[in-house]
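The values are calculated or read from the model by the stated rules, or taken from the named source; none is laboratory data. What you see is a predicted model, and the numbers here were worked out from it, not measured in a lab. Cβ coordinates were reconstructed from backbone atoms using ideal geometry, including for glycine residues, and neighbour counts include every protein chain displayed. Ligands, DNA and RNA are excluded from the accessible area calculation, which covers all protein heavy atoms including side chains. Shrake-Rupley method; radii C 1.70, N 1.55, O 1.52, S 1.80 Å.
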Amino acid sequence: VPFISMLFLILLLLFLALFPGAFNCCTKISDEISKGILRRVERFEIQKADGLCHLEAVILYIEGRKFCVSPRIRKVKKWMKKNKHKTPRKKPHGRKHRRTRIIKKKGKKQ
């Protein structure tokens, strides 16, 4: 029995490492939101209905709390267009590109 519980724990940790967003999905969304809440939003993310999350949503972050709202709310669509700068920036994939220096060879004067 200890072997089975240890194996289960290892599999659970492996799952959490491979799919970190699995338990961070919005499972319920609100169909309305007040302008007062929208004014206090610090950042937002768009949750797509693919992969691990099965519900399309806009996740609004206010003072460390998260609110899940429908992306179809007209007020939210308009607000997102105005506040594109509040989306988290995606890090580029792969290695960083190094800037190459062009070294001019000194030619012989004739």
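Tell me whether the range 40-51 contains one or more residues that are open to solvent by 20 Å² or more (accessible area, probe 1.4 Å), of a type in the set (Asp, Glu) and closer than 16 Å to residue 26 by Cβ. Among the residues of the range 40-51, at least one is open to solvent by 20 Å² or more (accessible area, probe 1.4 Å), of a type in the set (Asp, Glu) and closer than 16 Å to residue 26 by Cβ, which makes the answer yes.
Regarding residue 25, is this residue modelled with pLDDT under 90 and in contact with a Leu (Cβ under 9 Å, 6 or more places away or on another chain)? Please lay out each step first, then the result.
On the way: modelled with pLDDT under 90: yes; in contact with a Leu (Cβ under 9 Å, 6 or more places away or on another chain): yes.
Yes.
Quick one: in the range 64-85, of everything that is among the β-branched types (Val, Ile, Thr) and either open to solvent by 100 Å² or more (accessible area, probe 1.4 Å) or outside any strand (DSSP E or B) (or both), which residue is farthest from residue 37 (Cα to Cα)? Of everything passing the filter in the range 64-85, 73 is farthest from residue 37 (Cα to Cα).
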